[in-house]
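Okay, structure first, notes after.
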Amino acid sequence: MNAIRTSIKELLELLASEEAQVEYEKSVPTANVPAELVCMWFDDSYHPSSPQHIEAFSKAERDILAAFNEMYDARVESLPATLSGMHASQQWAEVVAEAQQVLSKIAW
């Protein structure tokens, strides 16, 4: 699996698991985990127009990732600033569930 696919897969696994998010927060106690989760997707990982991204994913996979990105982006502004707040949030529950669906749809 190429580096972009691996990076996106690992990030989706983190987004799809509240337990993994808690472990991440424990392992990086100085990090603002909610901000990190947003930054890792929107700034660091998801670049759909880059040639590397286009090469790494099939058209169907790019469509799945684009739908996830749109859904996540629509909820970003309303997400709480703490991980415990996010875990109590319906908007975050929707992001987690959709990340799980993406992993299933791409069969990772």
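Membrane-span-like helices in the chain (whole DSSP H runs, Cα extent of at least 15 Å along the helix axis, mean Kyte-Doolittle hydropathy of at least -1.0): 3-15, 59-76, 90-106. When 28, 96 are sorted by how many other C-beta atoms sit within 10 angstrom of their C-beta, beginning with the fewest, the order is 28, 96.
Under a Cβ-only charge scheme (Lys and Arg +1, Asp and Glu -1), can you give me the dipole magnitude of the chain about the Cα centre, in debye to the nearest 20? Don't skip to the answer; put the middle values down first.
Working: 7 positive and 17 negative charges, 50 e Å.
Result for the chain is approximately 240 debye, rounded to the nearest 20.
Helical content alone sets the calculated 222 nm signal of the chain at -21000 deg cm²/dmol, taking -39,500 (n - 2.57) per DSSP H segment of four or more residues and averaging over every residue.
Once the other residues with Cβ under 13 Å from the Cβ of residue 102 are scored (Lys, Arg +1; Asp, Glu -1), what is the net sum?
Details: positive: 5, 9, 62, 105; negative: 10, 13, 61, 63, 70, 94, 98.
Computed value for this residue: -3.
For segment 38-108, applying the loop criterion from DSSP together with a ceiling of 10 other beta carbons within 10 Å to the GluC sites (Glu not before Pro) yields 77.
Given the alpha-carbon gyration tensor of the chain, what are the semi-axes of its equivalent ellipsoid in whole angstrom, ordered largest first, with each equal to the square root of 5 times an eigenvalue?
On the way: eigenvalues 107, 42, 32 Å².
So the equivalent ellipsoid measures 23, 15, 13 Å along its semi-axes.
Counting Lys and Arg as +1 and Asp and Glu as -1, what is the net charge of the other residues whose Cβ lies under 13 Å from the Cβ of residue 66? Its environment carries a net charge of -2. Of the residues 65, 80, 106, the one whose Cα sits farthest toward the positive end of the charge dipole of the chain, with +1 on the Cβ of Lys and Arg and -1 on the Cβ of Asp and Glu, is 106.
FYI, it's all coordinate maths here, none of it is from the lab. Model, not experiment: these values are computed from the prediction. Methodologically, a virtual Cβ is constructed for each residue, glycine included, from the backbone with ideal geometry; neighbour enumeration extends over all protein chains shown.
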